[in-house]
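The values are calculated or read from the model by the stated rules, or taken from the named source; none is laboratory data. Just so it is clear, the structure is predicted and the values come from calculations on it, not from any experiment. Cβ coordinates were reconstructed from backbone atoms using ideal geometry, including for glycine residues, and neighbour counts include every protein chain displayed. Side chains are part of the model used for accessible areas, which takes the heavy atoms of the whole protein and leaves out ligands, DNA and RNA. Shrake-Rupley method; radii C 1.70, N 1.55, O 1.52, S 1.80 Å.
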Amino acid sequence: TAEQKPPAAGDVLVHAGDTNKGQPIKVSELKPDGQMIKAWPKGEVVKDQNDNNLLVLFRYPEGTLKEPTKMEDTAQGIVVYGGICQHLGCQVNLKDDGSLLCPCHSGSYDPKAGGEVIGGPPPRPLPQLPIEIKDDQIVVKSYYVRPRYGESVSDWQANRA
Ligand code: FES
């Protein structure tokens, strides 16, 4: 169904958390404090019927994101990733030290540095989702920069095309 389709260019990011659920995330409401905001992509409908579509968004002070973040796919310090662990598909959480921790087998990732694996079993970084800003909203620019959890390279290439 449309609610299960993966994120696609032109989708708007909407809140997935309890506050403002389904409402577009506004850039002007985001503090550059590195807090994690959960989001869904929304095309004609909110694509919230596929757990693998859960996204995590962070805004940092401009100029503080590090390589190998794809800087051209961030905007005003905002970076977005798939929120599902690349190991076996659990949801990642933000820790006090600013890293992301997967509760299942302690995989950890650095959201300031392209989602790189900094501990545990994940085989590859979290997939960064390219975004741009339009009219104070966050819009998907293109499909993930690498395969997301459970996705074959050929499926990823087809979604990138
Ligand atoms: Fe995340 Fe295993 S599912 S570390």
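Residue pairs whose Cβ atoms lie under 8 Å apart, sitting 6 or more positions apart in sequence or on different chains, and linking a residue in region 94-113 that is within 14 Å of GLN35 (Cα to Cα) to a partner that is surrounded by fewer than 16 Cβ atoms within 10 Å (Cβ to Cβ) and aliphatic (A, V, I, L, M), are SER99/ILE118; ASP110/ILE118.
Of all residue pairs spaced 6 or more apart or on separate chains, those with beta-carbon atoms under 9 Å, a first member in region 141-156 that is under 17 Å from ALA8 (Cβ atoms) and open to solvent by 30 Å² or more (accessible area, probe 1.4 Å) and a second member that is modelled with pLDDT under 95 and not in a loop (DSSP other than H, G, I, E, B) are SER142/ARG160. Every condition in (1) of a type outside the set (Ser, Thr, Tyr); (2) at positive phi; (3) within 12 Å of the ligand (Cβ to nearest atom) is met by PRO103 except one, and the failing one is (2). Of all the criteria given as (1) of a type outside the set (S, T, N, Q); (2) out of contact with any Leu (no Cβ under 6 Å at 6 or more places or on another chain); (3) open to solvent by less than 60 Å² (accessible area, probe 1.4 Å), the one not satisfied by ILE138 is (2).
Assess whether GLN137 counts as being in contact with a Lys or Arg (Cβ under 7 Å, 6 or more places away or on another chain) and either acidic (Asp, Glu) or more than 16 Å from the ligand (Cβ to nearest atom) (or both). Judged against the criteria, GLN137 is a match.
I'm checking my understanding of the structure. Among residues of region 66-94 that are among the hydrophobic types (A, V, I, L, M, F, W, C), more than 20 Å from ILE25 (Cα to Cα) and open to solvent by 20 Å² or more (accessible area, probe 1.4 Å), which one is farthest from the ligand (Cβ to nearest atom)? Ranking the qualifying residues of region 66-94, first place goes to MET71.
Looking only at strands (runs of 3 or more DSSP E) that lie completely in region 7-104, which have at least 3 residues being over 19 Å from TRP156 (Cβ atoms)? Can you show your working first?
Values: elements: 12-15, 37-42, 55-59, 78-82.
Ranges flagged: 12-15, 37-42, 55-59.
Against the numbered list (1) of a type in the set (D, E, K, R); (2) touching a residue at least 40 places away in the same chain (Cβ under 8 Å); (3) out of contact with any helix residue (DSSP H, G or I) (no Cβ under 6 Å at 6 or more places or on another chain); (4) open to solvent by less than 50 Å² (accessible area, probe 1.4 Å), LYS47 comes up short only at (3).
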